[in-house]
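S.K.: Handing you this structure, nothing more for now.
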Amino acid sequence: MGKKIILTGDRPTGRLHLGHYVGSLSRRVELQNSGEYDDIYIMIADAQALTDNADNPEKVRQNIIEVALDYLSCGLDPERSTMFIQSQVPELCELAFYYMNLVTVSRLERNPTVKTEIALRGFSTSESEGDPTQRGKGIPVGFYTYPISQASDITAFKATTVPVGEDQQPMIEQTREIVHKFNSIYGQTLVEPEILLPENAACLRLPGTDGKAKMSKSLGNCIYLSDTAEEVKKKVMSMYTDPDHLRVEDPGKVEGNTVFTYLDAFSRPEHFEKYLPEYPSLDALKEHYRRGGLGDVKVKRLLIAVLNEILEPVRERRAYFEQNIGEVYAMLERGSARARAAAAQTLKEVRHAMRIDYFEDRELIDAQSEYYRSRH
Ligand code: TRP
């Protein structure tokens, strides 16, 4: 049986929020604590963040510590999960350089995540390149090819399992294609990874506090893991519910009601016992809301209690690590060294499969020696 290895990561462009927590962080901690995996690598993808932040390297630099603090405060443990910084593993670049030959431009163009991101960032496509108002906003090559670099991140560690949100599905597919192509040309070397999606439907994509499809820093609709209890309270109190639920007596809608979506994602039966014993379950609460006679404030109070109960231990751990920043960097340095050793091993195998390990290739040197000797 092959080893079970996890690799996943985040771009350091901001502090992590509840969307990250339900979509990936809490799952990583569970996977770590399950003891089912031989190795777990968690990468801070600074090089990938630079592919569309070339003009703002300071943002990336400052956010490495934020992401590391969020990791540690959620319960990722450096003894069991290797946390590292992408740019400190230069082997990843070399792998990407070889993989680039296995991917066509049109295949990159079809990557749905890249397409969406290009639209989101207002990059111009080749047709509008001549438009003077768009000048300088063309798509950086590095950004365009980041799916290939992501394939290096995954394959360098021979990851079998990549726990990520659904938006990353096209990246995993592209990685699998690269692995398949590499192995069929150069011989069985790389491991085809599987995606591991979040289980709970409400976690697939947590909406923002404004009800918009996604929690996102640029939309300003996030609840951060590092928010205080008071900030969480304020944000929940201002959350969108059902716009037609004007008076308490009115029947309310639960579908598309963000407060209930959050309860779907975060509440557990024991929370009801503790904070709202008059309701045996979330279903009973929903039922009352639909019928009418249940006010938004009561539901919001429950959500505040639930979120703060979940976030309290996270805040406590963060407070500790914030007083030990030097230690956090030392942890990342050790993690990066460990990651580098693993990636170097894979790179060695890749070079061997591609037969570009000339100096270790006795057969090549002997055969050519023989050939030229025989001509004299
Ligand atoms: N693209 C991921 C994101 O934006 C970050 C990332 C980079 C990643 N390399 C990875 C995730 C490899 C999983 C595996 O969140």
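The values are calculated or read from the model by the stated rules, or taken from the named source; none is laboratory data. Predicted model only: the values in this text are computed from it and were never measured. When we count neighbours, we look across all protein chains shown, and the Cβ atoms used for this are built from the backbone with ideal geometry, even at glycine.
S.K.: Being within 16 Å of the ligand (Cβ to nearest atom) and either among the basic types (Lys, Arg) or under 29 Å from LEU347 (Cβ atoms) (or both) is the filter here; which residues of the stretch 198-212 pass it?
M.R.: Filtering the stretch 198-212 for residues within 16 Å of the ligand (Cβ to nearest atom) gives 198, 203-206.
ARG205, the sole residue that qualifies.
S.K.: Okay, next question. Could you give every pair whose Cβ atoms fall below 7 Å, whose first residue belongs to the stretch 61-81 and is in contact (Cβ under 8 Å) with a residue 12 or more places away in the chain and surrounded by fewer than 18 Cβ atoms within 10 Å (Cβ to Cβ), and whose second residue is assigned to a helix (DSSP H, G or I) and polar (S, T, N, Q), counting only separations of at least 6 or pairs across chains?
M.R.: Note: pairs meeting the criteria are ASP77/GLN32; ARG80/GLN32.
S.K.: If a residue has to be among the polar types (S, T, N, Q), touching a strand residue (DSSP E or B) at 6+ places or on another chain (Cβ under 7 Å) and not in a loop (DSSP other than H, G, I, E, B) to count, how many in the stretch 56-103 make the cut?
M.R.: Let us first name the residues in the stretch 56-103 that are among the polar types (S, T, N, Q), namely 56, 62-63, 73, 81-82, 86-88, 101.
Now narrow it down to the ones that are touching a strand residue (DSSP E or B) at 6+ places or on another chain (Cβ under 7 Å): 81-82, 86.
Narrowing the set further to residues that are not in a loop (DSSP other than H, G, I, E, B) leaves 82, 86.
Of the residues in the stretch 56-103, 2 are among the polar types (S, T, N, Q), touching a strand residue (DSSP E or B) at 6+ places or on another chain (Cβ under 7 Å) and not in a loop (DSSP other than H, G, I, E, B).
S.K.: Still on this structure, please answer the following. Within the stretch 1-26, how many residues turn out to be outside any loop (DSSP other than H, G, I, E, B), near the ligand (Cβ under 10 Å from one of its atoms), within 12 Å of the chain's Cα centre (by Cα) and not hydroxyl-bearing (Ser, Thr, Tyr)? Walk me through how you get there before you give the answer.
M.R.: The initial filter retains those residues of the stretch 1-26 that are outside any loop (DSSP other than H, G, I, E, B), namely 5-10, 17-26.
Right, trim to near the ligand (Cβ under 10 Å from one of its atoms) and you get 6-10, 20, 23-24.
Subsequent filtering for residues that are within 12 Å of the chain's Cα centre (by Cα) retains 7-10, 20, 23-24.
With the extra rule that they be not hydroxyl-bearing (Ser, Thr, Tyr), the set shrinks to 7, 9-10, 20, 23.
Residues in the stretch 1-26 being outside any loop (DSSP other than H, G, I, E, B), near the ligand (Cβ under 10 Å from one of its atoms), within 12 Å of the chain's Cα centre (by Cα) and not hydroxyl-bearing (Ser, Thr, Tyr): 5 in total.
S.K.: Now for a separate question. If a residue has to be in a helix (DSSP H, G or I) and touching a Leu at 6+ places or on another chain (Cβ under 9 Å) to count, how many in the stretch 279-295 make the cut?
M.R.: Step one: filter the stretch 279-295 for residues in a helix (DSSP H, G or I), giving 282-291.
Remaining after also requiring touching a Leu at 6+ places or on another chain (Cβ under 9 Å): 282, 285-286, 288.
Of the residues in the stretch 279-295, 4 are in a helix (DSSP H, G or I) and touching a Leu at 6+ places or on another chain (Cβ under 9 Å).
S.K.: If you check ARG121, ARG107, ARG80, ARG135, which single one turns out to be more than 12 Å from the ligand (Cβ to nearest atom), at negative phi and at pLDDT 95 or above?
M.R.: Numbers: ARG121 fails: at pLDDT 95 or above; ARG107 fails: at pLDDT 95 or above; ARG135 fails: at pLDDT 95 or above.
Going through ARG121, ARG107, ARG80, ARG135 in turn, the sole match is ARG80.
S.K.: Then there's this: Pick out the one residue from TYR186, TYR144 that is under 26 Å from GLN345 (Cβ atoms), away from the ligand (no atom under 13 Å from the Cβ) and of a type in the set (Ser, Thr, Tyr).
M.R.: Details: TYR144 fails: under 26 Å from GLN345 (Cβ atoms).
Only one candidate passes the filter, namely TYR186.
S.K.: If you don't mind, another one. Filter the stretch 104-122 down to the residues that are of a type outside the set (Val, Ile, Thr) and not in a helix (DSSP H, G or I), then identify the one that is farthest from MET171 (Cα to Cα).
M.R.: Of the residues in the stretch 104-122, the ones of a type outside the set (Val, Ile, Thr) are 106-112, 115, 117, 119-122.
Those still in the list that are not in a helix (DSSP H, G or I) too: 110-111, 122.
Values: ARG110: 11, ASN111: 8, GLY122: 21 Å.
This residue is GLY122.
S.K.: Is it fair to say GLU230 is assigned to a loop (DSSP other than H, G, I, E, B) and surrounded by fewer than 20 Cβ atoms within 10 Å (Cβ to Cβ)? If you could, list the steps in order and put the result at the bottom.
M.R.: Details: assigned to a loop (DSSP other than H, G, I, E, B): no; surrounded by fewer than 20 Cβ atoms within 10 Å (Cβ to Cβ): yes.
No, not satisfied.
S.K.: Would you confirm, using the coordinates I've provided, whether GLN32 is surrounded by fewer than 17 Cβ atoms within 10 Å (Cβ to Cβ), at negative phi, more than 14 Å from the ligand (Cβ to nearest atom) and part of a helix (DSSP H, G or I)? Walk me through how you get there before you give the answer.
M.R.: Values: surrounded by fewer than 17 Cβ atoms within 10 Å (Cβ to Cβ): no; at negative phi: yes; more than 14 Å from the ligand (Cβ to nearest atom): yes; part of a helix (DSSP H, G or I): yes.
Here the answer is no, as GLN32 does not meet what is asked.
S.K.: Sort out which residues of the stretch 280-295 are among the hydroxyl-bearing types (Ser, Thr, Tyr) and closer than 23 Å to LEU311 by Cα, and write them in order of number.
M.R.: Kept after step one, since they are among the hydroxyl-bearing types (Ser, Thr, Tyr), are these residues of the stretch 280-295: 281, 289.
Across the stretch 280-295, the qualifying residue is only SER281.
Rundown of residues vs (1) part of a loop (DSSP other than H, G, I, E, B); (2) closer than 23 Å to GLN48 by Cα; (3) more than 16 Å from the ligand (Cβ to nearest atom); (4) among the charged types (D, E, K, R), yes/no style:
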position: SER152; (1), (2), (3), (4): no, yes, no, no
position: GLN168; (1), (2), (3), (4): no, yes, no, no
position: MET171; (1), (2), (3), (4): no, yes, no, no
position: GLN174; (1), (2), (3), (4): no, yes, no, no
position: GLU177; (1), (2), (3), (4): no, yes, no, yes
position: PHE182; (1), (2), (3), (4): no, yes, yes, no
position: LYS214; (1), (2), (3), (4): yes, yes, no, yes
position: SER226; (1), (2), (3), (4): yes, no, yes, no
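S.K.: Which of (1) under 24 Å from the mean Cα position of the chain (by Cα); (2) over 20 Å from LYS158 (Cα atoms); (3) charged (D, E, K, R) does ARG338 not meet, given it meets every other one?
M.R.: (2)
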